[in-house]
Amino acid sequence: MAIRSSTVIKSRTRNDFWKFWTGQTISTLESSFTSFALPLLIFNLTGSSLNLASTVTVIVLPYLLFGLVVGAWVDRMNRKRLMVATDLARALVIASISLVSFVGLISVWWIYAVAFLNSALAICFDAANFAAIPQPGLFGRPGEGQWAGAGRLLNSEGRRPAAGRSVHYRGFAPNVAAN
């Protein structure tokens with residue numbers, strides 16, 4: 001008995017969806033650990049609440065500067081490649097903190113630059129991510145869009161408390177390494 005081509009396509013798109021959803025969830029969760037830990041790292045280095053607030057401002061600033069432009073730009077790009085490239089770039093940017101710290105040249109300005117670049121790259125990833133699943137059931141099964149929505153809700157509402165607990169119990173360095 002021959003396998004129907006529509007069955008093979010549905011099976012492949014289901015697997016593609018779950019790979020995408022799992023990778024996106026893990027990536028976003030670990031990135032939230034970094035977003036939570038960067039201001040704490042600044043506070044530990046300087047002891048200044050003003051520098052902590054400046055870090056949060058630097059994290060939010062790219063959304064104000066590039067948010068609309070990036071959305072239009074992403075519509076003209078291959079979303080899958082863009083998501084992979086921005087995630088790899090974010091990993092390199094975050095890894096630079098460990099490298100600079102290991103060499104002993106860590107500074108507040110370096111962390112500000114990392115926070116700004118990480119946030120700007122996150123905008124690109126998020127725009128491509130939201131455009132990749134525009135409606136429920138896009139990947140062939142009704143309700144898979146709801147799973148994507150559940151992943152987004154988990155990542156937006158559940159990640160900050162989890163990040164706080166992780167930084168408290170594991171410390172900053174293991175969270176950056178995990179990211």
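Conditions: (1) at pLDDT below 85; (2) farther than 16 Å from Q24 by Cβ. G149 meets all but one. Number of the miss?
(2)
In the stretch 35-76, what count of residues is obtained for those that are outside any helix (DSSP H, G or I) and in contact with a Pro (Cβ under 8 Å, 6 or more places away or on another chain)?
Residues that pass the stated criteria total 0.
For residues that are over 16 Å from L117 (Cα atoms) and surrounded by fewer than 20 Cβ atoms within 10 Å (Cβ to Cβ), tally how many sit in the stretch 31-63.
Total meeting the criteria: 12.
Please state which one of G71, G104 is on the phi > 0 side of the Ramachandran plot and at pLDDT below 90.
Details: G71 fails: on the phi > 0 side of the Ramachandran plot.
One residue alone meets the criteria, G104.
If you check S11 against the conditions, is it small (G, A, S), at pLDDT below 75, farther than 27 Å from D87 by Cβ and assigned to a helix (DSSP H, G or I)?
No: the conditions fail for S11.
In this structure, does S31 turn out to be at pLDDT 90 or above, among the hydroxyl-bearing types (S, T, Y), under 22 Å from S96 (Cβ atoms) and assigned to a helix (DSSP H, G or I)? It would help to see each step written out before you state the result.
Values: at pLDDT 90 or above: no; among the hydroxyl-bearing types (S, T, Y): yes; under 22 Å from S96 (Cβ atoms): yes; assigned to a helix (DSSP H, G or I): yes.
No: the conditions fail for S31.
The values are calculated or read from the model by the stated rules, or taken from the named source; none is laboratory data. Computed from a predicted structure; not experimentally measured. Here the Cβ is made from the backbone with ideal geometry for all residues, glycine too, and neighbour counts use every protein chain on show.
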